[in-house]
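Below is one structure, written out as structure tokens, with a few remarks after it.
The values are calculated or read from the model by the stated rules, or taken from the named source; none is laboratory data. These numbers were taken from a predicted model, which means no experiment stands behind them. Glycine also receives a Cβ, built like all others from the backbone with ideal geometry; neighbour counts cover every protein chain displayed.
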Amino acid sequence: MRRVAISGIGMVSPLGNSTAEVMAHARAGRSGVRRLETPFASRLAAPIAATVRFDEGDDFDAVSARMLDRFSLLAMFAANQAVHGSSDALAGIDRARGGVFVGTGMGGTHTMDSGYQTLYGENSDRIKPFTILMGMHNAAAAWIGIEHDLRGPNMTYSTACSSSTVAIGEAWMRVACGQLDVAIAGGSEAPLSPGSLKAWEALHTVATMDTECPSASCRPFSKDRSGMVLGEGAAMLVLEPWDRAVARGALIHGEILGYGQSNDASHITRPSVEGQAAAMRAALLVARADPHDVDAINAHGTGTQANDRTETAAIRAVFGVRADHIPISATKAMHGHLLGAGGALECVLSLLAMQHEVALPTMHLQQPDPDCDLDYVPNMARAGVAARVTLSNSFAFGGTNAVLVLQRADGAMR
Amino acid sequence: MTTTFERLSAILAKDYKLPPERLTPDAPLETLGIDSLGTVELLWNIEDAFEIKLPPEPVELTTLGDVVRYVDELIARQAMTLAPAASAAPMVPSLRSP
């Protein structure tokens with residue numbers, strides 16, 4: 001197996017649209033969760049979401065953008081930024097050995113929502129001609145492949161909230177085993193359409209709004225947590241063999257040491273301690289690491305009662321007494337739950353945190369919960385945490401758990 | 001009176017953000033970024049804007065001028081089809097139901 005370097009990072013997120021901006025906000029504990037101001041917000045019990053500030057007109061010509069759902073626009077923006085920042089990782093490659101791996105839970109939900117509004121809301125048959133092409137889940141990956149002329153595998157993974165962790169992990173395997181020389185991998189999600197917002201509300205997993213401070217509505221691991229807050233955004237990585245990245249003098253952001261996956265095979269929504277622990281163990285096994293090698297964890301940490309309690313128990317099951325000494329960050333309190341893009345953004349935050357030697361805070365953790373008794377770095381970033389290896393956890397409805405083992409660029413484990 | 005070309009150009013300038021100086025009758029659609037798939041969508045928008053109904057048969061359109069001629073032909077054909085009805089009911093404001 002070859003070592004795999006991360007040589008490009010791109011994102012458009014509720015915390016900002018560049019590594020510098022995202023890191024500054026995450027470190028300061030600023031939340032990207034906002035009160036929704038759209039007319040439809042009045043029909044929501046909790047009119048809040050983590051939104052991105054993004055003007056498609058700045059980055060895409062209007063003719064091309066007509067064929068792109070918002071999730072594809074976000075994906076393209078992030079992928080272009082990652083490639084641009086990679087010091088030409090795609091130059092000179094055999095295009096058949098370059099792949100695209102994208103995770104998305106909901107695909108082009110804005111487009112589909114708009115089509116249904118026409119069909120049922122307006123009782124009209126005037127569905128837009130591009131509806132299928134914009135709504136399909138693989139649209140984002142397809143457009144990235146077209147834009148960057150990548151002719152190898154073009155894959156889309158839809159495993160709900162672990163989609164982009166799966167996408168990155170599967171891309172890592174292809175590069176590590178020698179099948180690919182470059183991969184663009186990550187996730188994109190734009191789930192803030194009216195139909196999607198109401199569907200999530202109906203599931204009773206979204207947080208109630210903190211009326212005094214809407215941006216503090218998501219409270220992972222706090223006893224008064226009431227659920228997740230939906231977010232939109234995309235994050236993409238450029239992966240390539242470590243030796244190639246070094247040889248061409250690329251700036252290396254970190255290394256993927258391993259990727260593990262498990263399936264709960266028990267309940268469609270209820271998380272499982274065994275399933276989550278199995279994914280973490282599988283990732284460590286593949287990375288040839290043991291629990292003592294792990295210095296930090298970016299938790300799935302959704303802010304639901306069930307996940308946070310279960311994840312705490314799963315971390316304890318894997319790490320034993322060491323669990324008490326690992327700083328655990330639940331960054332969704334700040335950037336919301338990006339569903340199929342969440343794992344990719346959290347992977348990026350894990351890399352940046354290691355690079356900056358900081359443990360990112362779990363914000364809005366005001367009430368300790370006896371069932372959540374680990375070190376969650378509450379409410380304030382912790383400087384001087386020189387983590388070499390970080391676990392990034394993603395657990396999903398449907399039961400697909402996925403975990404990445406990440407190492408800082410100058411890490412010494414290998 | 002506004003011509004079909006002017007109306008079409010206005011759509012392309014407003015919704016497709018194409019610079020007016022590139023919008024000439026002999027401009028190939030491909031060079032404007034509108035390929036055969038894009039033409040399908042453009043015609044869908046034209047149906048609304050010009051209140052006409054496109055026939056199901058496929059049509060090959062290469063330039064903006066081709067689109068203008070096609071639209072003019074459809075307008076004329078549909079006006080003829082509706083002429084007897086129009087004389088019986090002169091207040092019909094549109095060729096399509098709202």
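Checking the condition loosely packed, with under 14 Cβ neighbours inside 10 Å, in a helix (DSSP H, G or I) and of a type in the set (Asp, Glu), which residue from B:48, B:26 passes?
When all the criteria are applied, what remains is B:48.
Tell me the residue from A:348, A:358, A:294, A:321 that is without any contact (Cβ under 8 Å) to a residue 12 or more places away in the chain and among the aliphatic types (A, V, I, L, M), please.
Of A:348, A:358, A:294, A:321, the one residue that is without any contact (Cβ under 8 Å) to a residue 12 or more places away in the chain and among the aliphatic types (A, V, I, L, M) is A:321.
Among the residues of segment A:122-141, what is the count of those that are within 14 Å of chain B (Cβ to nearest Cβ) and either among the aromatic types (Phe, Trp, Tyr) or touching a residue at least 40 places away in the same chain (Cβ under 8 Å) (or both)?
The qualifying residues number 4.
Given the condition closer than 30 Å to residue A:37 by Cα and not β-branched (Val, Ile, Thr), answer yes or no: does some residue in segment A:163-183 qualify?
Checked against the condition, which is being closer than 30 Å to residue A:37 by Cα and not β-branched (Val, Ile, Thr), segment A:163-183 yields at least one hit.
Can you spot a residue in segment A:328-335 that is of a type in the set (S, T, N, Q) and not in a helix (DSSP H, G or I)?
yes
Within segment A:170-188, can you find the residues that are part of a helix (DSSP H, G or I), small (Gly, Ala, Ser) and in contact with a Gly (Cβ under 8 Å, 6 or more places away or on another chain)?
A:171
Can you say whether residue A:157 is more than 14 Å from chain B (Cβ to nearest Cβ) and in contact with a helix residue (DSSP H, G or I) (Cβ under 8 Å, 6 or more places away or on another chain), as far as the supplied structure shows?
Here the answer is yes, as residue A:157 does meet what is asked.
Of the residues in segment A:67-108, how many are among the polar types (S, T, N, Q) and surrounded by fewer than 24 Cβ atoms within 10 Å (Cβ to Cβ)?
Residues that pass the stated criteria total 3.
Mind checking which residues of segment A:171-216 are among the acidic types (Asp, Glu) and buried (at least 21 other Cβ atoms within 10 Å of the Cβ)?
Within segment A:171-216, A:181, A:189 qualify.
Would you pick out the residues in segment A:46-66 that are touching a residue at least 12 places away in the same chain (Cβ under 8 Å), surrounded by fewer than 17 Cβ atoms within 10 Å (Cβ to Cβ) and more than 12 Å from chain B (Cβ to nearest Cβ)?
Hits for segment A:46-66 are A:53, A:59.
Could you please find all residues in segment B:30-44 being assigned to a loop (DSSP other than H, G, I, E, B) and either more than 8 Å from chain A (Cβ to nearest Cβ) or not hydrophobic (A, V, I, L, M, F, W, C) (or both)?
B:33, B:35
So which of A:377, A:385, A:403 is in the same structural domain as residue A:322 (by TED's automatic domain parsing) and free of Cβ contacts under 8 Å to residues at least 60 places away in the same chain?
A:377
Residue-wise test of (1) of a type in the set (S, T, N, Q); (2) within 13 Å of chain A (Cβ to nearest Cβ); (3) closer than 27 Å to residue B:81 by Cβ.
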| position | (1), (2), (3) |
| --- | --- |
| B:10 | no, no, yes |
| B:17 | no, yes, no |
| B:28 | no, no, no |
| B:46 | no, yes, yes |
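Restricting to segment A:4-45, name every residue that is under 30 Å from residue A:239 (Cβ atoms), surrounded by fewer than 17 Cβ atoms within 10 Å (Cβ to Cβ) and among the charged types (D, E, K, R).
Of everything in segment A:4-45, those that are under 30 Å from residue A:239 (Cβ atoms), surrounded by fewer than 17 Cβ atoms within 10 Å (Cβ to Cβ) and among the charged types (D, E, K, R) turn out to be A:21, A:30.
Please work out which one of (1) at positive phi; (2) surrounded by fewer than 24 Cβ atoms within 10 Å (Cβ to Cβ) is the condition residue A:364 fails and give its number.
(2)
Among B:4, B:24, which is the only one that is away from every other protein chain (no Cβ under 14 Å), over 14 Å from the mean Cα position of the chain (by Cα) and at pLDDT 95 or above?
Criteria check complete, one pass: B:24.
Does residue B:57 count as more than 15 Å from the chain's Cα centre (by Cα), without any contact (Cβ under 8 Å) to a residue 24 or more places away in the chain, away from chain A (no Cβ under 14 Å) and assigned to a helix (DSSP H, G or I)?
In short, no.
Among the listed residues A:383, A:330, A:323, identify the single one that is touching a strand residue (DSSP E or B) at 6+ places or on another chain (Cβ under 8 Å) and closer than 24 Å to residue A:270 by Cβ.
Being touching a strand residue (DSSP E or B) at 6+ places or on another chain (Cβ under 8 Å) and closer than 24 Å to residue A:270 by Cβ holds for just one of A:383, A:330, A:323, which is A:330.
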